[in-house]
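Report on one structure; see the data block that follows.
The values are calculated or read from the model by the stated rules, or taken from the named source; none is laboratory data. Since the structure is predicted, the reported quantities are computational estimates derived from the model, not experimental observations. Glycine gets a Cβ as well: all are built from the backbone with ideal geometry, and neighbour counts include every protein chain shown. Side chains included, ligands, DNA and RNA excluded: accessible areas come from the protein's heavy atoms. Shrake-Rupley method; radii C 1.70, N 1.55, O 1.52, S 1.80 Å.
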Amino acid sequence: MELKIEVKVGDVAESRDEAVVVNLFKGVKRPGGATGAVDKATDGAISKLIDSGDFQGKFKEVAVLPAAGRLSAKRIMIIGLGEKEKFTIDRVREVSGKAALQARETGLKSYSTIVHGAGIGGFNLDEATEAMVEGALLALYRYRRYKTDDEGKNDPRVMTIVTTERTRVGAMQRAVESGVIVASAGNMVRDLVNMPGNDKPPQKLAEIALKAAKESGFKCKVLDEKQMMDIGMGGVMAVGKGSDEPPRFLVLEYKGARRGKPIVLVGKGITFDTGGISLKPQDSPLGPIWEMRHDMAGMATVLATIGAAARLKLPLDIIALAPLAENMPSGHAQRPGDVLKMYGGKTVEVLSTDAEGRLILADALAYAEKLKPQAIVDVATLTGTAVYALGKRVTPVMGNDSRLIRRLERAGVDTGERVWELPMFEEYVEQIKSDLADLKNIGGRSAGCITAGMFLRQFIGKTPWAHLDIAGTVWIHGGPESIDKTYMPKGPSGVPARLLISMLRSWGRTA
Ligand code: BES
Ligand code: ZN
Ligand code: ZN
């Protein structure tokens with residue numbers, strides 16, 4: 001990660017960086033605290049700006065002023081925090097993201113900043129610090145792997161977080177470390193989702209996971225097609241067989257508790273979804289076919305999450321499962337009408353080869369159940385209907401356990417990666433009953449997001465389980481429908497890695 005982040009004790013007005021960053025709540029006429037100190041040191045430069053009506057403190061409003069030689073820094077950047085009553089920890093991420101982007105635009109190599117949201121914002125110094133780190137690192141994200149120019153050389157190199165509270169520095173430094181881990185997880189998901197389909201066939205993703213396992217400190221086992229065949233993973237095998245790239249199944253394991261039952265995360269890993277024989281059109285109202293390289297975002301999420309859990313040394317046992325396959329049409333592809341025998345023995349009639357996610361997840365969920373976990377959470381770009389149901393700002397969540405869903409909802413609010421529950425009424429199962437087999441893999445035009453969830457539920461026993469359908473939230477397209485946060489640049493969002501990490505971090509503390 002490019003931006004270096006430091007914590008320093010002292011007076012921000014004495015910083016020698018290219019800018020000092022201070023803030024203002026909306027409606028405040030005479031700034032106090034560190035903003036007030038910078039104002040005094042500059043003969044009221046900020047007060048004058050407020051008095052002239054040129055700065056009101058609106059949320060994400062920004063102004064850059066010359067410090068005119070009265071500070072050691074060259075410039076003052078002032079950021080609006082918005083209305084005090086509306087202030088949240090996610091707004092801390094956003095204003096920090098805004099400052100970082102403004103630094104990029106102005107070409108500032110270094111800046112010192114006060115902690116937004118501590119003091120009158122009401123947050124602890126360390127939680128606000130962590131949010132600031134996340135906001136800056138996520139906002140500056142760019143995918144440069146296939147670019148041969150050197151754009152990005154203008155990016156800020158160092159952000160120094162300044163506090164006057166000497167006793168809190170240790171806690172703030174630890175907050176910086178966790179903030180870097182969490183933001184890197186989100187950015188890792190973005191990197192993997194951005195990677196084109198030709199560079200991430202199943203075996204390649206397995207190698208990436210093996211490398212991540214070594215670096216972060218968890219175990220990684222890769223099942224090949226023969227091992228999957230032997231244990232009867234009919235779903236992954238059928239979806240994978242149309243492609244020349246053989247399917248894989250990842251079993252990742254982090255042991256931080258060494259007793260009790262594991263939490264199992266499951267991620268859909270379709271490295272490219274053409275639809276198979278039920279071929280997708282080149283363009284659909286939901287986006288062009290090339291975006292279907294994002295169909296492994298669930299896998300990327302669980303990989304990044306278990307890595308972050310290991311680096312944060314969470315006191316939990318976590319297992320992440322990811323079925324990996326490329327959904328291609330060919331002479332050896334599965335056909336509409338085929339019947340499959342899934343892991344565990346249930347049979348499925350395949351009416352659309354484009355509803356492939358639930359086929360590979362069925363094997364993975366049945367496998368998860370055999371691990372006797374305390375909870376299972378799966379993540380998948382599963383249905384276009386998720387977008388019609390809740391749009392692109394909120395992730396639909398379904399499941400069989402309200403406590404688990406409440407945990408996800410709470411983590412969603414804290415991280416800004418919100419979820420909303422859809423019903424799993426038993427009657428929906430009628431839509432996926434097959435005349436020929438136990439189940440069919442499509443449930444008709446109505447309630448598609450829910451019937452997909454209902455299908456997955458058939459492979460879950462009594463274990464608390466939740467399913468996140470990220471088809472709408474996986475990609476930021478811009479425009480009025482999309483998540484519009486400063487730290488969410490266009491492209492893959494990284495959702496819901498931070499959400500899962502947050503849920504795991506508070507696992508023992510909340511019921
Ligand atoms: N990967 C897609 C879902 C998707 C669509 C994600 C658009 C993001 C944007 C999934 O495999 C799929 O094709 N689902 C079908 C299911 C249908 C055939 C029942 C869909 O949603 O159209
Ligand atoms: Zn599909
Ligand atoms: Zn798919």
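Things worth noting here:
- Some residue of segment 222-235 being within 15 Å of ligand 2 (Cβ to nearest atom) and either out of contact with any Ser or Thr (no Cβ under 9 Å at 6 or more places or on another chain) or open to solvent by 30 Å² or more (accessible area, probe 1.4 Å) (or both): yes
Residue-by-condition table, conditions (1) modelled with pLDDT of 95 or more; (2) open to solvent by less than 20 Å² (accessible area, probe 1.4 Å); (3) touching a Leu at 6+ places or on another chain (Cβ under 7 Å); (4) among the hydroxyl-bearing types (Ser, Thr, Tyr):
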position: ARG93; (1), (2), (3), (4): yes, yes, no, no
position: ALA99; (1), (2), (3), (4): yes, yes, no, no
position: GLN102; (1), (2), (3), (4): yes, no, no, no
position: LEU108; (1), (2), (3), (4): yes, yes, no, no
position: SER112; (1), (2), (3), (4): yes, yes, no, yes
position: VAL115; (1), (2), (3), (4): yes, yes, yes, no
position: GLY119; (1), (2), (3), (4): no, no, no, no
position: GLY122; (1), (2), (3), (4): no, no, no, no
position: ASP126; (1), (2), (3), (4): yes, no, no, no
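- Any strands (runs of 3 or more DSSP E) falling wholly within segment 1-71 and containing at least 3 residues that are over 30 Å from the mean Cα position of the chain (by Cα) and farther than 30 Å from MET188 by Cβ: 62-66
- Looking across segment 312-337 at every residue that is in contact (Cβ under 8 Å) with a residue 40 or more places away in the chain and small (Gly, Ala, Ser), the one that is farthest from TYR367 (Cα to Cα) is identified as SER330.
- Criterion (part of a strand (DSSP E or B), closer than 23 Å to ARG190 by Cβ, more than 13 Å from ligand 2 (Cβ to nearest atom) and at pLDDT 95 or above) met by exactly one of ALA310, ALA325, ALA304, ALA320: ALA320
- As a summary of the residue check, ASN327 satisfies the conditions (1) within 29 Å of GLY234 (Cα to Cα); (2) touching a Leu at 6+ places or on another chain (Cβ under 8 Å) except for the one numbered (2).
- As a summary of the residue check, VAL169 satisfies the conditions (1) open to solvent by 80 Å² or more (accessible area, probe 1.4 Å); (2) farther than 25 Å from ASP363 by Cβ except for the one numbered (1).
- Tabulated pairs, segment 288-299, first of a type outside the set (Asp, Glu), second more than 13 Å from ligand 2 (Cβ to nearest atom) and open to solvent by 30 Å² or more (accessible area, probe 1.4 Å), C-beta under 8 angstrom, 6+ apart or interchain: PRO288/GLN282; ILE289/GLN282; ILE289/ASP283; ARG293/PRO196
- Extreme residue, nearest to VAL180 (Cα to Cα), among residues of segment 488-497 that are more than 13 Å from ligand 1 (Cβ to nearest atom) and assigned to a loop (DSSP other than H, G, I, E, B): GLY494
- Of the residues making up segment 342-384, those that are more than 16 Å from ligand 1 (Cβ to nearest atom), surrounded by fewer than 24 Cβ atoms within 10 Å (Cβ to Cβ) and of a type in the set (A, V, I, L, M, F, W, C) are ALA366, LEU371, ALA375.
- From the list ALA437, ALA411, the one residue that fits, being under 24 Å from ASP295 (Cα atoms) and in contact (Cβ under 8 Å) with a residue 24 or more places away in the chain, is ALA411.
- Taking segment 112-157 as the range and being among the aliphatic types (A, V, I, L, M), in a loop (DSSP other than H, G, I, E, B) and more than 21 Å from LEU24 (Cα to Cα) as the test, only LEU140 passes.
- Among all residues of segment 331-352, there is none that is within 23 Å of the chain's Cα centre (by Cα) and within 15 Å of ligand 2 (Cβ to nearest atom).
- Whichever residue in segment 404-414 is open to solvent by 10 Å² or more (accessible area, probe 1.4 Å) and farther than 13 Å from ARG509 by Cα and, among such residues, is farthest from the chain's Cα centre (by Cα): ARG406
- Matching residues, segment 275-303, being open to solvent by 10 Å² or more (accessible area, probe 1.4 Å), within 10 Å of ligand 3 (Cβ to nearest atom) and either farther than 12 Å from ALA471 by Cβ or of a type in the set (Gly, Ala, Ser) (or both): LYS280
- Of all residues in segment 434-487 being in a helix (DSSP H, G or I) and within 16 Å of ligand 3 (Cβ to nearest atom), the one that is surrounded by the most Cβ atoms within 10 Å (Cβ to Cβ): GLY453
- Residue within segment 131-142 that is surrounded by fewer than 20 Cβ atoms within 10 Å (Cβ to Cβ) and either touching a Lys or Arg at 6+ places or on another chain (Cβ under 7 Å) or on the phi < 0 side of the Ramachandran plot (or both) present: yes
- The residues of segment 371-395 that are within 16 Å of ligand 2 (Cβ to nearest atom), assigned to a helix (DSSP H, G or I) and in contact with a helix residue (DSSP H, G or I) (Cβ under 6 Å, 6 or more places away or on another chain), listed by number, are THR385, ALA386.
- Hey, LYS261 in contact with a helix residue (DSSP H, G or I) (Cβ under 7 Å, 6 or more places away or on another chain) and either of a type outside the set (Ser, Thr, Tyr) or modelled with pLDDT under 95 (or both) or not: no
- Any chance VAL394 is open to solvent by less than 10 Å² (accessible area, probe 1.4 Å) and under 17 Å from the mean Cα position of the chain (by Cα): no
- Residue in segment 177-186 that is touching a strand residue (DSSP E or B) at 6+ places or on another chain (Cβ under 9 Å), surrounded by 15 or more Cβ atoms within 10 Å (Cβ to Cβ) and within 18 Å of HIS116 (Cα to Cα) present: yes
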